[in-house]
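Student: The following block contains the structure, expressed as structure tokens.
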Amino acid sequence: MAFQIKDIDESRAPLLDHLIELRTRLVRSVIALVVAFAVCLYFADPILGFLVQPLKDAFPEGEGQLIFTELPEIFFVELKVALFAGFMASFPIIANQLWAFVAPGLYAREKKAFLPFLIATPVLFIGGAALAYYVVMPTAFLFFLGYGGETGGLSVQALPSAGRYLNLVMQFILAFGMTFLLPVLLMLLHRAGIVTRAQLAAARRYVVVGVVALAAIVTPPDPGSQVILAVPLLLLFEGSLLLMLLQERTMRAKPDKDSVDEASPVEPEADKSGSE
């Protein structure tokens, strides 16, 4: 049987029922987050080791280290790691609960319109986070560690703090993951009729300037990471324009098809009684 999306639910639940359902969805989301946080807290050391790996690879063999300047710093670092990883792990459940609450109030065409964006959002976010972890962070750390050596006869060594390093890693991952959602935002604005493809194409030069400025703000002040973020964002912008063009062609073709169906005459049935 083919997959079908039902039209808007034929229910007229009072406001109290909607609030009760909202509370249920929120409780389930919080439970999922708490369970994921507890599991990630148990595995906080391996997760932190995974996040530390780019810095370890940037140091010469056997020279890398993390320090902490306050006694409870490592404890709070592990809590941050567990909360960060727990939110990432429980996000599909949270998004599912949000969709389950919103979907009954949408028409079938609206559900079909939003489903691609729901699927594209985690894919693009994971893609941006992976680019930050596997490409940008190693490049940036090599750039920063290159300033070590000797100055004025004194040895200059990098002694990164565990808490500050974790904040930097979270900044990288969240910045790249969120900025990679640019196509989703543009497509939603286009589908809502707020912007058109022609308007975005005409503002391309301003978009380039804005993307470069955004890359300079959300990344550390090294040119390598800024370029690595700006180039994919510009490619995603051009890809969004292409998707908008295909969407506009589809929307133009659909009314033409409907008008042809309405204009086609229906042949009357032969009068069998008269022919006999």
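Student: For the chain, what does the relative contact order come out to in percent, with C-alpha contacts under 8 Å and a separation of six or more?
Tutor: Once normalised by length, the contact order is 21 percent.
Student: Same structure, new question: Take Glu21 and Leu174, extend 7 Å from each Cα along the Cα→Cβ direction, and tell me the distance between the two endpoints in nm.
Tutor: 3.2
Student: Kindly state, to the nearest 0.05, the FRET efficiency for Arg109 paired with Thr139, given R0 = 30 Å and r defined as their beta-carbon distance.
Tutor: Computed FRET efficiency for Arg109 and Thr139 comes out at 0.10.
Student: Sticking with this one: Mind telling me which of Gly224, Gly62, Gly127 comes out most flexible in a GNM of the chain, alpha-carbon contacts under 10 Å?
Tutor: Looking only at Gly224, Gly62, Gly127, the largest GNM fluctuation is found for Gly62.
Student: Compute the long axis of helix 223-263 from its Cα atoms, compare it with the longest principal axis of the Cα atoms of the chain, and write down the angle in degrees, 0 to 90, nearest 10.
Tutor: Approximately 0 degrees, to the nearest ten.
Student: Right, another one. With r defined as the distance between the Cβ atoms of Asp57 and Arg205 and R0 fixed at 45 Å, what FRET efficiency is calculated, to the nearest 0.05?
Tutor: The pair Asp57/Arg205 has a calculated efficiency of 0.70.
Student: Using Cα pairs under 8 angstrom and six or more residues apart, how large is the relative contact order of the stretch 64-179, in percent? Could you put the intermediate results ahead of the total?
Tutor: Numbers: 58 pairs, mean separation 55.9, N = 116.
Computed value for the stretch 64-179: 48 percent relative contact order.
Student: Could you give the angle, 0 to 90 degrees to the nearest 10, between helix 204-218's Cα long axis and the longest principal axis of the Cα atoms of the chain?
Tutor: Taking Cα atoms only, the helix is inclined about 40 degrees.
Student: What is the total of Lys pairs in the chain with C-alpha atoms under 22 Å apart, excluding same-chain pairs fewer than 8 positions apart? Intermediate values should be presented prior to the final figure.
Tutor: Numbers: Lys6/Lys111; Lys6/Lys112; Lys6/Lys254; Lys56/Lys80; Lys111/Lys254; Lys112/Lys254; Lys112/Lys257.
Step by step, the pairs that qualify in the chain add up to 7.
Student: Nearest 0.05, what FRET efficiency do Lys80 and Arg252 give at R0 = 51 Å with Cβ-Cβ as r?
Tutor: Working: r = 50 Å, r/R0 = 0.98.
For Lys80 and Arg252, the calculated efficiency is 0.55.
Student: Spin-label point model (7 Å from Cα, Cβ direction): what's the Ala100 to Arg28 distance in nm?
Tutor: Inter-label distance under the simple model: 0.1 nm.
Student: Right, something else. Could you give the distance between the Cα centres of the stretch 47-126 and the stretch 178-234, to the whole Å?
Tutor: Distance between centres, Cα-based: 22 Å.
Student: To continue, here is another question. Using only the alpha-carbon atoms of the stretch 33-104, report the extent along each of the three principal axes, biggest first, to the nearest angstrom.
Tutor: In descending order, the Cα extents are 57, 26, 17 Å.
Student: When each pair of different Cα atoms in the chain is counted once in the 1/r mean, what is the Kirkwood radius in angstroms, to one decimal?
Tutor: Details: mean 1/r = 0.0429 Å⁻¹.
Every distinct Cα pair counted, the radius reaches 23.3 Å.
Student: Now a separate question. Given just the C-alpha atoms of the stretch 24-153, how large is their convex hull per residue in cubic angstrom?
Tutor: Enclosed volume per residue, from the Cα hull, is 145 Å³.
Student: Out of the total accessible area of the chain (probe 1.4 Å, heavy atoms of protein only), what percent is carbon and sulfur?
Tutor: Exposed carbon and sulfur together represent 67 percent of the surface.
Student: I would also like to ask the following. Hey, if we sort Met88, Met187 by accessible area with the 1.4 Å probe, largest down, what's the order?
Tutor: Met88, Met187
Student: A follow-up question, please. Multiply the residue gap between Leu243 and Leu118 by 0.36 nm, knock off their C-alpha separation, and tell me the result in nm, one decimal place. Could the numbers behind the result be given before it?
Tutor: On the way: separation 125, 0.36 × 125 = 45.00 nm, distance 1.62 nm.
43.4 nm is the gain from fully extending Leu243 to Leu118.
Student: Now for a separate question. Quick check for you: with a 1.4 Å probe and neighbouring chains kept, what is the accessible area per residue of the stretch 15-64, in Å²? Intermediate values should be presented prior to the final figure.
Tutor: Numbers: 3520 Å² over 50 residues.
Solvent-accessible surface per residue comes out at 70 Å².
Student: Please compute, for the alpha-carbon atoms of the stretch 137-237, the extent along each of the three principal axes and give them in descending order in Å.
Tutor: Ordered largest first, the stretch 137-237 gives principal extents of 62, 26, 16 Å.
The values are calculated or read from the model by the stated rules, or taken from the named source; none is laboratory data. All values reported here derive from a predicted model rather than from experimental measurement. All Cβ positions, glycine included, derive from the backbone under ideal geometry; neighbour counts span all protein chains shown. Please note that ligands, DNA and RNA were not included when accessible areas were found on the heavy atoms of the full protein model with its side chains. Shrake-Rupley method; radii C 1.70, N 1.55, O 1.52, S 1.80 Å.
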